[in-house]
Amino acid sequence: MSKNGSTRKILRVDLTTGEMADEIIASEVYRLYPGGKALGAYLLLREVPRGADPFGPDNRLYLMNGLLTAAPISTATRFTAIARSPLSGGYGESEAGGFWGPELKLAGWEGIALSGQAPHPVYLWIHDDHVELRDARQLWGTEPEFTQNWIREQHGDKLIRVLQIGAGGENRVRFAAITNDLRHYNGRTGMGAVMGSKNLKAVAVRGSSKYLDLAHDPKTLAALGRNLAKRVKEHPQAWDLQDKGTPGLTRGLNTAGILPTRNFREGAFAGAENLMWEQYEKQLLTARRSCYACAVRCKREVKLDDRYQVSDAYGGPEYEAVCGFGANCAIDDLQAVAKANELCGRYTLDVISCSNTIGFAMECFEHELLSLEDTGGIELRFGNAAAMLKMVELIARREGFGNVLADGVKRLADKLGGDAHLFAMHVKGQEMPMHEPRGKVAVGLAYATSEVGAEHLSSFHDPLIANAESVSFKSSLPLGIREAIAPRVWSDHKVEFYSTVEKWNSAEKVIGLCYFGPAPRSFIQVDEVVTAVRAATGWDDFTVQDILRVGERATNLARVFNSREGFTRKDDTLPERLFQPLEGGPLKGEALSRADFEHALDVLYHDKGYDPTTGAPTRERLHELEMEWVADAMDEA
Ligand code: SF4
């Protein structure tokens, strides 16, 4: 086989029958959908029938490596989990870094396609070509640290990489995550709940090949990797990630008035000083950690033996947890935040959805839409750390009021009726991350139009292009930025630039690069991504435009999946609260303009080739993207 960075080999597992088979993806298919999000969405659209129950045997779970996953390029660590989402009922997708994806690659596999439902809990064991389903009944109900140790001991190998679910996934919490190495998460869209519904406790992997043996031009790839690793210290954003990690964002966002506070009611938090990086470093931090071969090293390790006990096994809170369990629940106690984050790791819950859901319930309680009788006697008020921690436990076990919150914000709002939907901070059923669109309008456009519902990694964040002298602005020039634009300004050029960046960021999820690697967010330049792909694959004619088309294809597959499930333009929307003025902080009084938002949607749809009413890709655009079969499938549906 020629060396092109990929075996194109996936493992198919029918969990109902226990049958397994390998399949080589045809090279012409792989060139159009080269891994990760693209290959997973391609298989999902072809193989999961319309209306499949997200928790039924017809739903499938795809775990797909990116094209460059395991290459010696910092941030080339990612793999994608894809299925129909139990949270939105539409396209579900979530990326994770860590070590599991690279290990799968080194075992010779580009991905795994899981169908059916096992009759009892099992785990999948992969050691290079050896694949085996094993009984996991004794592991069901155990915590991730125990499960990982047990599997490693069972096989006598401490370097086995274990991907798994905990109580959240087993109990089908709709925002349950999948974890690998205990501290890296496919957090969003409820992929852990799908894994739980399949009775699949874990996928343990050990590989023995070397990535560079697979690459077309290993020398170029290795040299590029060395240069990029050296650059981390010189690049302001990359260095900041190493120095402070994502918790370092808290101060700037609070100062700018875009730190979601009290369920997005306000944009700054009076108790924010207690949540800042300096406190984190002083009270919690024990080490800086990394994903596979990544020089950025943005991961934090924490430990606490004080008012709360926090294990160092599950990784430290990221910014999303600091803001979500902190400012957004009006809790100024970093130790309680660290405990909530640890519980999410222990039970494999998505911290964004979990914290947002609790913040929403706190506001419902304060508006007397919920009573003590509803909550089982818990005073679920803003600022009550004990109540917050209790709710995380109850959600994971689906006990008491936790059983209601385990279905997320949208279902709680629907259940309560009245005005609850006005401040239910979700899009398409997925809870909003901790970024305030009233201060970053492109992020709002991403929340509204992303196929997975509210998510913050398909857009650039507006402040990055507000200054023409910044490194981010300059590194955005190859993606078509022409002028600096202020964060709160909608302009057609900003929307068109967003459209391009969405394709670029979608391609990152195909290629297997972390959001914190490439421009415009960070230090890998656009042309260097092209160099890496060429060196890995030998696709010497591959250009930036080809990368954008790869990303666009992946997005279109997801969008068609949603169209088939009944999603239209009306679902590309934002919570009502965002069109109302912020009630506190430096941006107090600022609201999104509905007219500006609708105009931005028109511009975006035109640029992307979506029908202005249905929001579905037009046949013409699908034809341009060599995806005529998708248009045919849409017509048949
Ligand atoms: S930048 Fe951080 S999250 Fe991304 S791959 Fe590197 S260590 Fe992992």
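The values are calculated or read from the model by the stated rules, or taken from the named source; none is laboratory data. Bear in mind the structure is a predicted one, so any value in this text is a computation, not a measurement. As a convention, Cβ positions derive from the backbone with ideal geometry for all residues, glycine included, and neighbour counts pool all protein chains shown.
Summary of computed values
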read-out	value
Evaluation of Ala338 against (1) closer than 26 Å to Glu393 by Cα; (2) crowded, with 21+ Cβ neighbours inside 10 Å; (3) within 15 Å of the ligand (Cβ to nearest atom) (one fails), failing number	(3)
Test: residue in segment 103-119 that is in contact with a Phe, Trp or Tyr (Cβ under 6 Å, 6 or more places away or on another chain) and either of a type outside the set (A, V, I, L, M) or more than 24 Å from Gly36 (Cβ to Cβ) (or both)	no
Qualifying residues in segment 414-463 (those that are aliphatic (A, V, I, L, M) and within 16 Å of Thr555 (Cα to Cα)) - the one surrounded by the fewest Cβ atoms within 10 Å (Cβ to Cβ)	Leu457
Qualifying helices (runs of 4 or more DSSP H) (wholly inside segment 327-446; at least 1 residues being basic (Lys, Arg), within 20 Å of the chain's Cα centre (by Cα) and within 30 Å of Phe460 (Cα to Cα))	408-416
Residues within segment 59-93 that are within 14 Å of the ligand (Cβ to nearest atom) and either surrounded by fewer than 24 Cβ atoms within 10 Å (Cβ to Cβ) or among the hydrophobic types (A, V, I, L, M, F, W, C) (or both), tallied	7
Qualifying positions in segment 298-319 - within 15 Å of the ligand (Cβ to nearest atom), within 9 Å of Asn341 (Cβ to Cβ) and either among the small types (Gly, Ala, Ser) or not in a loop (DSSP other than H, G, I, E, B) (or both)	Gly315, Gly316
Matching residues, segment 273-297, being in contact with a strand residue (DSSP E or B) (Cβ under 8 Å, 6 or more places away or on another chain) and near the ligand (Cβ under 8 Å from one of its atoms)	Arg289, Ser290, Cys291, Arg297
Enumeration of residues in segment 503-530 that are crowded, with 23+ Cβ neighbours inside 10 Å, over 18 Å from Arg226 (Cα atoms), of a type in the set (Ser, Thr, Tyr) and within 16 Å of the ligand (Cβ to nearest atom)	none
Subset of segment 265-297 [buried (at least 22 other Cβ atoms within 10 Å of the Cβ), outside any loop (DSSP other than H, G, I, E, B) and touching a helix residue (DSSP H, G or I) at 6+ places or on another chain (Cβ under 8 Å)]	Leu275, Tyr280
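Listed here are the residues, each with its yes/no results for (1) touching a residue at least 60 places away in the same chain (Cβ under 8 Å); (2) within 16 Å of the ligand (Cβ to nearest atom); (3) not basic (Lys, Arg).
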{"residue": "Val471", "(1), (2), (3)": "yes, no, yes"}
{"residue": "Lys474", "(1), (2), (3)": "no, no, no"}
{"residue": "Ala486", "(1), (2), (3)": "no, no, yes"}
{"residue": "Ser491", "(1), (2), (3)": "no, no, yes"}
{"residue": "Val501", "(1), (2), (3)": "no, no, yes"}
{"residue": "Ala532", "(1), (2), (3)": "yes, yes, yes"}
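Yes/no per residue for (1) hydroxyl-bearing (Ser, Thr, Tyr); (2) modelled with pLDDT under 95; (3) within 19 Å of Leu457 (Cα to Cα); (4) not in a strand (DSSP E or B):
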residue	(1), (2), (3), (4)
Arg46	no, no, no, yes
Ala52	no, no, no, yes
Asp58	no, no, no, yes
Thr69	yes, no, yes, yes
Thr75	yes, no, yes, yes
Ala83	no, no, yes, no
Glu95	no, no, yes, no
Gly98	no, no, yes, yes
Glu103	no, no, no, yes
